[in-house]
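Quick one: structure below, then a few questions.
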Amino acid sequence: MIHGILAEFRNPLDLMHAAEKVRDAGYNKFDCHSPFPVHGMDQAMGLKRSKLGFVIAFFAILGGLIGFALQSWTHSIAYPLTISGKPLFAWQAYIIIIFALFVLFGAISAVLGMLHFNRLPRFHHPVFYSENFKKATDDGFFISIESEDSKFSDTETKSFLESIGGDNVELLEGDDE
Amino acid sequence: MKFDSTTYRISNPEPLGRKFLYTGLVFLLLSAFGWVTNHEQFYFSYLVSFMFFITLGLGGLFVTLIHYLTHSVWTIVVKRIPETAMRTLPWMAIFFIPIIFGMHDLYHWTDYDAVAQDAILSKKVGYLNTPFFLIRAAVYFVIWFGLGSLIHKFSIQQDEGHESDIYQRLRRVAAPGMFLFALSLTFASFDWLMSLDPHWYSTIFGVYIFSGSYLTIIAFMTLFTMFIQRRGILKNEVTIEHYHDFGKLLFAFTVFWAYIAGSQYFLIWYGNIPEETVWFLHRWEGSWKSMSLFLIFAHFAVPFLVLIFRASKRNKTVLFAMASLILIMQFIDLYWIVMPTLHHHGVHFSWMDITTFVGIGGVFLFLFWKNFTANAIVPVKDEKLQDSIKFLNP
């Protein structure tokens, strides 16, 4: 089974320009691989803004509500004890815990959400079948186009990648898992 | 007024400056009539307005110091705005003179007979006494004058082509300058605002004033940049990316202000010691209570909920509204700190609140505009200027 096509580019600038051409050619299931972050790559690839912020907002607010409910229930319903002359429903004192849980839930959901959207953790990926791809952690810059893309075709995509300056263009065979 | 986009200089700026100056002087004259009719009200209104422009200048000093400490790129194109705001601080020493005359009306601790009979105040007399108060004020103004002129000197040298190690030198000024800034701001806010209620103390008070002063300068920078861009100045140099960063800072420091205000309130509420809680008790009396709640709503909740979205930080209309709101709220915040000392039982607006504000504000803008247009309005020889203009948010 063919997973996709991998092409190598000489430097980060070539990679960025190639990404723009792949984007403009209408591909949307492709990825860029480089040893370090390349500024402006998000726009070059035509990536949309991440949905992560909304996930974090949801869980952060949920955390705040849990913090409020927990304190007001224990303090004024379950164990109504007067502590240092404060009223049973002392909302001022709750704010710190509400804030802390808000931040805690937000931070944890940010990490887990990031992993989810990146489809991590995973132990293998078909690009690793390529010997040449080992350079991606050192000095190699790659674009991989997946066969699931509606515009994908073995021969045309290959010649397209060659036409925009890709070297060592190779088919990636093997399953995703 | 004409703008030369190659040298970045504004020629013939005097007419606008004169407008600011005359407006200021007329309103100061009106305030002087107020002094004749009700000098106590005059001094308190005057103190609020004075502190507003002091915190604006101090915010400018802070933004400048942090710019040279971090060598941030995006601020380069707008850095002359806080730098100029910082240079108005020494001039504020002139506006301090009425406060010296009004000390007896403003500060209860100047009444030595009352202090002698007061167990708490008599212990504070080593710090809160007239000569030491004046010496401290002089020290603050000397610090602000020294830092301001030193930084300005180097910054202008850069325009003349002494590129080599200007940032190194400025960093050497900015690092110790940061300590001097923090100490002078803290003690100035203790002296001029906190001692209005001499029994009360809050160690976080300086940070509270700092958070407001940072908000003020960023809001001022936003509005001033919009103001000059409307007149065709820096039209292509300041982009939506710079406004986006202003929005981010406004948002961040809205949260910071609320955090500090909340911390101050919370610790006092928790401790429940009468000598500390009395300050909040005064601000919970009559219509002061509404103003306290309004502060939470309009100084925190509104800017927080509006500026949290990326789209609103990149929308100039929304940003204009928020920057204006924050400036107004900073004024109300200072009003809320100062005025309950005079009007114990509720908010009591006076026309002098407005006239002193416009009066000092007019002269402030005159000084600001004069200093701003005296040199190129962006550091033309800065090697990273082009990077700053082309800067993009991730």
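Do we find a residue being surrounded by fewer than 19 Cβ atoms within 10 Å (Cβ to Cβ), modelled with pLDDT under 90 and within 30 Å of A:I97 (Cα to Cα) anywhere in region A:50-65?
yes
Could you identify the single residue in B:S184, B:S202 that is among the polar types (S, T, N, Q) and closer than 24 Å to B:V142 by Cα? I'd like the intermediate steps shown before the answer.
Details: B:S202 fails: closer than 24 Å to B:V142 by Cα.
Only one candidate passes the filter, namely B:S184.
Moving on. Does A:A78 count as of a type in the set (G, A, S) and within 14 Å of another protein chain (Cβ to nearest Cβ)?
Spelling it out, it is not the case that A:A78 is of a type in the set (G, A, S) and within 14 Å of another protein chain (Cβ to nearest Cβ).
OK, next. Return the residues of region B:355-394 that are without any contact (Cβ under 8 Å) to a residue 12 or more places away in the chain and either basic (K, R) or in a helix (DSSP H, G or I) (or both); say none if nothing qualifies.
Passing the criteria: B:A374, B:Q386, B:K390.
Whether any residue in region B:181-192 is in a helix (DSSP H, G or I), surrounded by 17 or more Cβ atoms within 10 Å (Cβ to Cβ) and charged (D, E, K, R) is what I want to check.
Within region B:181-192, one or more residues are in a helix (DSSP H, G or I), surrounded by 17 or more Cβ atoms within 10 Å (Cβ to Cβ) and charged (D, E, K, R).
Among the numbered conditions (1) modelled with pLDDT of 95 or more; (2) buried (at least 17 other Cβ atoms within 10 Å of the Cβ), tell me where A:I108 comes up short.
(2)
So, A:F152, is that one under 27 Å from A:M16 (Cβ atoms), among the aromatic types (F, W, Y), part of a loop (DSSP other than H, G, I, E, B) and in contact (Cβ under 8 Å) with a residue 24 or more places away in the chain or not?
It is true that A:F152 is under 27 Å from A:M16 (Cβ atoms), among the aromatic types (F, W, Y), part of a loop (DSSP other than H, G, I, E, B) and in contact (Cβ under 8 Å) with a residue 24 or more places away in the chain.
Counting residues that are among the basic types (K, R) and within 17 Å of A:I145 (Cα to Cα), which helices (runs of 4 or more DSSP H) fully inside region A:1-84 reach at least 1?
A:12-24
Can you list residue pairs whose Cβ atoms sit under 6 Å apart, with the first residue in region B:251-274 being touching a residue at least 12 places away in the same chain (Cβ under 8 Å) and within 12 Å of chain A (Cβ to nearest Cβ) and the second being among the polar types (S, T, N, Q) and assigned to a helix (DSSP H, G or I)? Count only pairs 6 or more apart in sequence or on different chains.
Hits for this filter: B:I268/B:T277.
Look at B:I143 and say whether it is farther than 23 Å from B:N375 by Cα, modelled with pLDDT of 90 or more, under 21 Å from the mean Cα position of the chain (by Cα) and loosely packed, with under 15 Cβ neighbours inside 10 Å.
The answer is no for B:I143.
In this structure, does B:R283 turn out to be in contact (Cβ under 8 Å) with a residue 24 or more places away in the chain and within 14 Å of another protein chain (Cβ to nearest Cβ)?
When the stated conditions are applied, B:R283 does not pass them.
Cβ-Cβ under 6 Å, sequence separation 6+ or interchain: first residue in region A:41-58 and in contact (Cβ under 8 Å) with a residue 40 or more places away in the chain and away from chain B (no Cβ under 12 Å), partner surrounded by 12 or more Cβ atoms within 10 Å (Cβ to Cβ) and in a helix (DSSP H, G or I). Which pairs?
Note: pairs meeting the criteria are A:L52/A:G113; A:V55/A:S109; A:V55/A:G113.
Follow-up question, since we're still on this one. I need the full set of residues from region A:28-40 which are within 14 Å of chain B (Cβ to nearest Cβ) and touching an Asp or Glu at 6+ places or on another chain (Cβ under 6 Å), in order please.
Passing the criteria: none in range.
Still on this structure, I have one more. Which residue out of A:G67, A:G85, A:G113 is of a type in the set (G, A, S) and within 13 Å of another protein chain (Cβ to nearest Cβ)?
Values: A:G67 fails: within 13 Å of another protein chain (Cβ to nearest Cβ); A:G113 fails: within 13 Å of another protein chain (Cβ to nearest Cβ).
It is A:G85.
Inside region B:80-91, can you point out the residues that are closer than 22 Å to B:V139 by Cβ and in contact with a Leu (Cβ under 9 Å, 6 or more places away or on another chain)?
Listed by number, the residues that qualify are B:A85, B:M86, B:R87, B:T88, B:L89, B:W91.
The values are calculated or read from the model by the stated rules, or taken from the named source; none is laboratory data. For clarity, every value in this text was computed on a predicted model and none was experimentally measured. Note that each Cβ is placed from the backbone with ideal geometry, even for glycine, and that neighbours are counted across all protein chains shown.
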